[in-house]
Amino acid sequence: MIHALFIINRSGGLIYHKNFSQHIVQLSSNEALIFAGTFHGIHALASKISPAPKRDTPRDTGIQTIDTKNFRMHCFQTPTGIKFIAVTDLMQTQLTGALGKMYMLYCDYALKNPFYNLEMPIRSEMFDTKLLQLVQAH
Amino acid sequence: MEKQYKTIGEDAWKNNVEKVNAELFIFTYGSLVVQLVKDYEDYAAVNKQLDKMGYNIGVRLVDDIMARTSLERCSGFTATAEVISKVGFKLFLNVAPSVASWSADGKEFSLIVDDNPLNDFCELPPKAVQDGLWYSNVLCGVIRGALEMMQMQTEVEFVRDVLRGDDTSEIRVRLLRMLDEEVPASDD
């Protein structure tokens, strides 16, 4: 199951944060922002320290999952540099499909909304609703 | 490789894209241009405005392509050109302009748009032709905006347009430079 979702913009700013279960502590908005910034930095570093052997091998895409004893964190970065980060239980080995669908929701309900400013926090009821449906159906 | 992009584009267009009535779309665009012409009374300013609008569309639309297809990072600018034509144009306008006239350094190419849907039903008044209106200039902005989000700074312009009496429509795309991959952390 998906416990929480973070969306981080190209410059490491948190543009969306939502908890979907009671099993997870609600971070304060400050903590969430710090998490986003820190993760963004580590993600960038991770792709730097990747020992890519040859010139023509594609660049490393950075961190994809982080495992702990109790949960797993999945990160999906779009080619435009937006990161979708989901916190799930350990049963969830692969989340690319669901994160891809979230990306589509982001396109449809944030980007295509003419009143949404790029790189700014997403405040859209429709996005919330659709996302919740997706998480519950998952 | 080229073939593969064609399949990706066609698949996404068939299965993953909502369609609207083409005439509604064309007329909406037409009235937009006409309104701009009335407001600015200067065709050069209209071109500029269309390009700006396109840019704002492009920076958002590029994510739509990426979300609906499973494209890998392009291996080079040649691949980028193919994606613009076979996937980008295909997905939103259902045409696939041919890529032609590469410059020697591989940083410049042309998109030959034989059947630009925006042109349907449109005839430019002689004054507009004479003063240099590029009717579909919005497309240049879209390409420029989309590529900028993929870290490529480009210049995009129309060089020929059937509406202006040329035998075909041609959009020239020029790669200026690759922008830095990640935004560097600020030092303060």
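What follows is calculated from the coordinates using simple rules that are stated; it is not laboratory data. The structure presented is a predicted model; accordingly, all values stated were derived computationally and were not measured. Here the Cβ is made from the backbone with ideal geometry for all residues, glycine too, and neighbour counts use every protein chain on show.
When Rg and the Kirkwood radius Rh are both evaluated on Cα atoms of segment B:2-178, their ratio Rg/Rh stands at 0.95.
Normalised by the number of residues in chain A, what is the relative contact order in percent for Cα pairs under 8 Å and 6+ residues apart?
Details: 180 pairs, mean separation 37.2, N = 138.
Relative contact order for chain A comes out at 27 percent.
Each part reduced to its alpha carbon centroid, segment A:1-39 and segment B:1-41 end up 36 Å apart. When all alpha carbon pairs of the protein assembly as shown are counted in 20 Å bins from zero, the resulting P(r) reads 28, 54, 17, 1 %.
Counting Lys and Arg as +1 and Asp and Glu as -1, what is the net charge of the other residues whose Cβ lies under 9 Å from the Cβ of B:D64?
+1
Here's the picture: a label point sits 7 Å out from the Cα of A:I49 along the beta-carbon direction, and within segment A:1-40 the residues with their amide nitrogen under 17 Å of it are A:38-40.
Rounding to the nearest 20 debye, state how big the charge dipole of segment A:2-137 is about its Cα centre with +1 on each Lys and Arg Cβ and -1 on each Asp and Glu Cβ. Please list the in-between numbers first.
Values: 13 positive and 9 negative charges, 64 e Å.
Here the size comes out at about 300 debye.
Positive end of the dipole of chain A (Cβ unit charges, origin at the Cα centre): among A:F127, A:H74, A:G62, the Cα lying farthest that way belongs to A:G62. Of A:H23, A:H40, A:H74, the residue with the greatest mean-square motion in the GNM of chain A, using alpha carbon springs below 10 Å, is A:H23. Placing a label point 7 Å from the Cα of B:K14 along the Cα-to-Cβ direction, no residue of segment B:58-80 has a backbone N closer than 12 Å.
Note on chain B: GNM, Cα springs under 10 Å; of B:N16, B:N137, B:N47, the largest mean-square fluctuation is that of B:N16.
Could you work out Rg/(2.2 N^0.38 Å) for segment A:2-137, with Rg from alpha carbons only?
On the way: Rg = 15.1 Å, N = 136, 2.2 N^0.38 = 14.2 Å.
Output field value: 1.06.
Computed from the C-beta positions of A:T68 and B:D120 and an R0 of 41 Å, the FRET efficiency is 0.10 to the nearest 0.05.
Here the Gaussian network model covers chain B, with springs between Cα atoms less than 10 Å apart; of B:L24, B:L175, B:L71, B:L24 fluctuates the most.
Please compute the average number of Cβ atoms from other chains found within 10 Å of each residue's Cβ in peptide A:115-122. Provide the component values of the computation, followed by the final result.
Working: counts 0, 1, 0, 5, 0, 0, 0, 0.
Mean partner shielding for this stretch: 1.
Distance between the modelled labels on A:S28 and B:T168, one decimal in nanometres: 6.4 nm (7 Å Cα→Cβ projection).
Relative contact order for segment B:22-166 using alpha-carbon pairs under 8 Å, separation at least 6, rounded to a whole percent? Could the numbers behind the result be given before it?
Values: 157 pairs, mean separation 50.1, N = 145.
Once divided by the residue count of segment B:22-166, the mean separation gives 35 percent.
Counted by Cβ distance under 11 Å from B:S110, the other residues give a net charge of 0, where Lys and Arg count +1 and Asp and Glu count -1. Remark: for residue pairs B:K48/B:K107; B:K3/B:K90; B:K19/B:K90, the C-alpha separation exceeds 19 Å in B:K48/B:K107.
Only Lys, Arg, Asp and Glu carry charge here, each on its Cβ (+1 for the first two, -1 for the last two); on that basis segment A:83-138 has a dipole of about 100 debye about its Cα centre.
Label sites at A:L90 and B:S75, each approximated as a point 7 angstrom past Cα along Cα to Cβ, lie 4.1 nm apart. Bridging of A:K101 to aspartates and glutamates at a Cα separation below 14 Å is possible for A:D128, B:D63, B:D64, once same-chain residues fewer than 8 apart are set aside.
What net charge do the residues around B:C122 carry, taking every other residue with its C-beta under 14 Å from that of B:C122, with Lys and Arg at +1 and Asp and Glu at -1? Working shown, then result.
Details: positive: B:R164; negative: B:E23, B:D115, B:D120, B:E123, B:D161.
Taking every Cβ under 14 Å from that of B:C122, the sum is -4.
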